[in-house]
Structure formats: structure tokens, C-alpha cells
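Trainee: The structure that follows is given in the form of C-alpha cells.
The values are calculated or read from the model by the stated rules, or taken from the named source; none is laboratory data. None of these values were measured; they are calculated from a predicted model. So basically every Cβ, Gly included, is an ideal-geometry build from the backbone, and we count neighbours across all protein chains shown. We work out accessible area using only protein heavy atoms, side chains counted, and drop any ligands, DNA or RNA first. Shrake-Rupley method; radii C 1.70, N 1.55, O 1.52, S 1.80 Å.
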Amino acid sequence: QIQLVETGGALVPPGGNLRLSCRGSGSLFSDYDFDWFRQAPGKQRDFVARITTLRTTTYADSVNGRFTISRDNARNRVYLQMDNLKIEDTALYFCHAKNNVDDAWGQGAQVTVSS
């Protein structure tokens, strides 16, 4: 089973940029589709972005044009580049990996957008 660790969370001002990283280990990284989800306090966990094994990407409407998901199979990493951050982007961001036999979540990385 794959294990996931997110890094890169921080406090940033509105309009700022940040890149989250998700490192996978314990299984063949390139076999997985990856998602980023986020959860704000008191709210449900929401889909943010997806990248498939074929590098097809999908985004939530709220982040489309501001966020970019990418993957580096050689480094076992998936990234979420977040540009022009807004206060409403504040949340705990989770990395999710899935293939035909496995489904795993990371522990999350906190992103706080505040002046």
C-alpha cells in the first residue's frame, strides 16, 4: 500500500503563491491517479484537483486558472502549485492516491491565507 506525506503548507498573504508537495512511498508511484482535496474548519472535504496516470488534469471551478497539479514519477511526487491565493483557500490540504487495488490518504498540510 502506498504511504503519502504532504509538505509545503504555510501562512501566506492574499495574492501570494505556494507549492504543496506529496511524496509517495511503498508502492509503484506511476500506477496511481492522484488528487488534492481540502477541508476548511467545520466544512466537508472538497475536491481540488486530479492528475491521472496519463497526466490528464481536472480542477474544481473555484481553483481553475489559479492552481496547477503536476507529477514527477521519477521523484515519487505530486505537486499543487497555488497562485493568487485567496482567504477562502485556507484549509487543510490532503493528498489522495488511488489505483485498482489501493486507496490512500496523507495526513494533510495546513494552508492559511491571511494578511
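Trainee: With the condition kept exactly as written, say whether any residue in segment 50-58 is within 14 Å of the chain's Cα centre (by Cα) and within 18 Å of Gln110 (Cβ to Cβ).
Mentor: No - not one qualifying residue is present in segment 50-58.
Trainee: Still on this structure: From the set of residues in segment 78-97 that are more than 16 Å from Glu6 (Cβ to Cβ) and of a type outside the set (Asp, Glu), which is most open to solvent (accessible area, probe 1.4 Å)?
Mentor: Filtering first and then ranking leaves Ile87.
Trainee: Restricting to segment 98-111, and then to whatever is of a type in the set (A, V, I, L, M) and either touching a Gly at 6+ places or on another chain (Cβ under 7 Å) or open to solvent by 20 Å² or more (accessible area, probe 1.4 Å) (or both), can you tell me which residue is farthest from Gly42 (Cα to Cα)?
Mentor: Per the stated criteria, the residue is Val101.
Trainee: Just for strands (runs of 3 or more DSSP E) wholly inside segment 1-73: which have at least 1 residues that are buried (at least 16 other Cβ atoms within 10 Å of the Cβ), of a type in the set (Lys, Arg) and touching a strand residue (DSSP E or B) at 6+ places or on another chain (Cβ under 7 Å)?
Mentor: 18-25, 33-39, 45-51, 67-72
Trainee: Hey, among Tyr59, Tyr93, Tyr79, which residue is out of contact with any helix residue (DSSP H, G or I) (no Cβ under 9 Å at 6 or more places or on another chain), free of Cβ contacts under 8 Å to residues at least 40 places away in the same chain and under 21 Å from Gly16 (Cβ atoms)?
Mentor: Selected residue: Tyr59, the only one of Tyr59, Tyr93, Tyr79 that is out of contact with any helix residue (DSSP H, G or I) (no Cβ under 9 Å at 6 or more places or on another chain), free of Cβ contacts under 8 Å to residues at least 40 places away in the same chain and under 21 Å from Gly16 (Cβ atoms).
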